[in-house]
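Following: one structure in structure tokens, then a few remarks.
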Amino acid sequence: TFAKEQIDIFGETFREEMRFELEDYFTNQVQQAFPAIELNLTDPLGAIDRWYEGLPGPEQDRVRSRKTTFRRIIKSRFGNQGLGF
């Protein structure tokens, strides 16, 4: 029982740290590059997609590569970490 409680405590601490790192990455990388993207820690990939879909076609072409890179980094660093996205 004690070991299970410690694992649960560690897991929650880990998820809190990951949320902090995600928020830091989103504000210092994604929003620095694209200030109009709204921070949404429960759906960061959706926030990027919604912003991108609202851009005119030529602007989408211009930012597609950078948008794809941000999505890939978020998925690889923060996906499957118990953050709910």
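Can you say whether ASP8 is modelled with pLDDT of 95 or more and out of contact with any Leu (no Cβ under 6 Å at 6 or more places or on another chain), as far as the supplied structure shows?
No: the conditions fail for ASP8.
What are the residue pairs meeting all of these: first residue in the stretch 34-63, first residue within 23 Å of PHE20 (Cβ to Cβ) and touching a residue at least 40 places away in the same chain (Cβ under 8 Å), second residue assigned to a loop (DSSP other than H, G, I, E, B) and among the aromatic types (Phe, Trp, Tyr), Cβ atoms under 7 Å, and 6 or more apart or on different chains?
Qualifying pairs under 7 Å: THR42/PHE85; ASP43/PHE85; PRO44/PHE85; LEU45/PHE85.
The values are calculated or read from the model by the stated rules, or taken from the named source; none is laboratory data. This is a predicted model, so every value here is computed, not measured. Note: ideal-geometry Cβ built from the backbone for every residue, glycine included; neighbour counts use all protein chains shown.
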